[in-house]
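Following: one structure in C-alpha cells, then a few remarks.
The values are calculated or read from the model by the stated rules, or taken from the named source; none is laboratory data. Given the structure is predicted, the values throughout are model-derived calculations rather than measurements. Don't worry about glycine lacking a Cβ; one is built from the backbone with ideal geometry, like all the others, and counts go over all protein chains shown. For the accessible areas, the whole protein counts, side chains as well, though only heavy atoms, and no ligand, DNA or RNA atoms are used. Shrake-Rupley method; radii C 1.70, N 1.55, O 1.52, S 1.80 Å.
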Number of protein chains: 2
Amino acid sequence: MKDLVSRCPIEEVMQVLSGRWPSLLIYYLSEGTKRFSDLQRDNPTISHKMLTMELRKLEDAGIVQRTEFDGYPRRVEYDLTPAGLRLVPLIDALGDWWERASSDVPGDQDVANDHIKMI
Amino acid sequence: MKDLVSRCPIEEVMQVLSGRWPSLLIYYLSEGTKRFSDLQRDNPTISHKMLTMELRKLEDAGIVQRTEFDGYPRRVEYDLTPAGLRLVPLIDALGDWWERASSDVPGDQDVANDHIKMI
DNA sequence: CCCTGGTTACAAAAAGGTGCGTAATTTACG
DNA sequence: CGTAAATTACGCACCTTTTTGTAACCAGGG
C-alpha cells in the first residue's frame, strides 16, 4: 500500500494503522512508557526490524513519542503522544464493534465467538 | 498478515479493515446498494481480482451483504449489513481524529493540512 | 566480549496486477 | 435464419512488486 488513491483522511489513517502491529503497539504503549526491549517482550514474534520500522511510522504519524537518553547501554523510551492517547478509545470502539458483530450475526459459523477481549 | 498473534478483537478487526480498499469500499457502499461494476467505477484503480477478494473478505466479516440475481448478464448486488452500517461512524471518527491530529501538531511539516475530507 | 537500539543487505513470502476463460441470454449483422 | 458479439461477475494461472524475515554489523561505555 504505497500511496494514496483518494486524498481522504480515512485512507490516511488506515495507511498508518494497517497491518498487524500498529494496533498492538498502541495497545501496549497505552499501558505506559515502554522501551524497545519491553515492546519486544510484549510481542515476541515481531522482528527487530519490523519493530523499529513500525515505531518510526507511528512516530511520523504523531502517535508515538520517541525519547532517547544518553548513557551506557543506550536507552530509548516510547510513549503515546496526546493524539495517540485520544486514538486509543477509537480503536477500542472498533474492537467492541467487532465483538458485537461477531456475536449477533446468526449464521456466523466460524470461530468468532471464542475471541477473548484482551486489548 | 496471515494469521493472528494475539486473539484479541482489535487485531481481528484490523485484519479485515487493513489495506487501502476496505474503508473505501465501505464508504462507497454506505451510499447505498452497488453492483460490482459500480464499485469498479467508484474506484477505477482497483483490479477486478482485488475487488472480488476484498468484497469476499468483507462479506465473510459480516460487513457486506452479497445478493446474486439470476439473469441474462448475471447480476450481483452489494450492500452494507446492519453491522456494516454501525461500523461507518466508527471509521468516520478515525478520519476526524486524523484530521485533528494532523492540524494541531505544531512541528508537522508534511502535507497533512491540505487533506480533503471526502469520506 | 557484553549490552541496547539500530542499520543494512540479501532472501523469502505475501500481495497485487494482467489477461484469458466462462455462464446465459440478448442484440447486431449478413 | 444462423452466427457472432456483447454483457456481468467472476475464477484461475502466471508474473511482478511490495513487504517482511534473517542475519550480520555498528556505536560506545562497561
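List, in order, the whole-Hz ³J(HN,Hα) value for each residue of the range B:76-91 obtained from phi through the Karplus relation with A = 6.51, B = -1.76, C = 1.60 and θ = phi - 60°; use x for Gly and Pro.
My calculation for the range B:76-91 gives 10, 10, 10, 9, 7, 7, x, 4, x, 5, 5, 6, 3, x, 5, 5 Hz in order.
Restricting attention to the alpha-carbon atoms of the range A:9-105, what are Rg (one decimal) and Dmax (integer), both in Å?
Spelled out, the Cα radius of gyration and Dmax of the range A:9-105 are 14.5, 55 Å.
All other residues with a Cβ under 12 Å from the Cβ of A:Leu29 taken together, and with Lys, Arg as +1 and Asp, Glu as -1, what is their net charge?
Numbers: positive: A:Lys34, A:Arg35, A:Arg66; negative: A:Glu31, A:Asp38, A:Asp42, A:Glu54, A:Glu59, A:Glu77, A:Asp79.
Within the 12 Å Cβ shell, the charges total -4.
Taking the rotation that carries A onto B, look along its axis and tell me which residue of A has the beta carbon nearest to it, distance in whole angstrom.
With distances in whole Å, chain A gives A:Ser18, 2.
Ordering A:Ser18, A:Ser30 by how much accessible area each has at a 1.4 Å probe, largest first, what is the list? It would help to have the intermediate numbers written out before the result.
Working: A:Ser18 15, A:Ser30 50 Å².
In descending accessible area the options line up as A:Ser30, A:Ser18.
Which distances, in nm and shortest first, link the A:Gly71 label point to the same label point in every other copy, taking 7 Å along Cα→Cβ?
Nearest to farthest, the other copies are at 6.8 nm.
Tell me, what ³J(HN,Hα) does each residue in the range A:23-35 have, in order and in whole Hz, if you take phi through Karplus 6.51 cos²θ - 1.76 cosθ + 1.60 with θ = phi - 60° and put x for Gly and Pro?
With the stated coefficients, the range A:23-35 comes to 5, 5, 5, 4, 4, 5, 6, 5, 6, x, 4, 9, 9 Hz.
Got the A:Asp92 label distances to the other copies yet, label 7 Å along Cα→Cβ, in nm, shortest first?
Taking the point 7 Å beyond Cα along Cα→Cβ, the inter-copy spacings are 2.2 nm.
Using modelled amide H (1.01 Å from N, peptide plane; none on Pro or chain starts), what sits under 5 Å from the amide H of A:Ile46, excluding residues fewer than 5 places away?
none
Could you run the Karplus curve 6.51 cos²θ - 1.76 cosθ + 1.60 with θ = phi - 60° over the range B:36-43 and give me ³J(HN,Hα) per residue in whole Hz, x for Gly and Pro?
Per-residue couplings from phi come out as 3, 5, 4, 5, 5, 5, 4, 10 Hz.
Once the other residues with Cβ under 15 Å from the Cβ of B:Leu90 are scored (Lys, Arg +1; Asp, Glu -1), what is the net sum? Please report the intermediate quantities before stating the final value.
Details: positive: A:Arg86, A:Arg100, B:Arg86; negative: A:Asp92, A:Asp96, A:Glu99, B:Glu12, B:Asp92, B:Asp96.
Computed value for this residue: -3.
Can you give the local net charge around B:Asn43? Use residues other than it whose beta-carbon is closer than 15 angstrom to its beta-carbon, Lys and Arg +1, Asp and Glu -1.
Details: positive: A:Arg7, B:Arg20, B:Lys34, B:Arg35, B:Arg41, B:Lys49; negative: A:Asp3, A:Glu11, B:Glu31, B:Asp38, B:Asp42, B:Glu54.
Counting the neighbours of B:Asn43, the net charge comes to 0.
When you look at the Cβ of every residue in A:91-104, what mean number of other chain Cβ atoms sits within 10 Å? Intermediate results must be reported in sequence, preceding the final value.
Values: counts 6, 2, 7, 11, 7, 4, 8, 15, 5, 3, 11, 6, 0, 3.
Partner-chain Cβ atoms within 10 Å, mean over residues of A:91-104: 6.
Enumerate the amide H contacts of A:Thr81 below 5 Å, restricted to partners 5 or more residues apart or on another chain; note that Pro and chain-start residues carry no placed amide H.
Here the answer is A:Val64, A:Gln65, since their amide H atoms fall under 5 Å of that of A:Thr81.
On the first, second and third principal axes, largest extent first, how far apart are the outermost C-alpha atoms of the range B:8-47 in Å?
Sorted largest first, the three principal extents are 35, 21, 12 Å.
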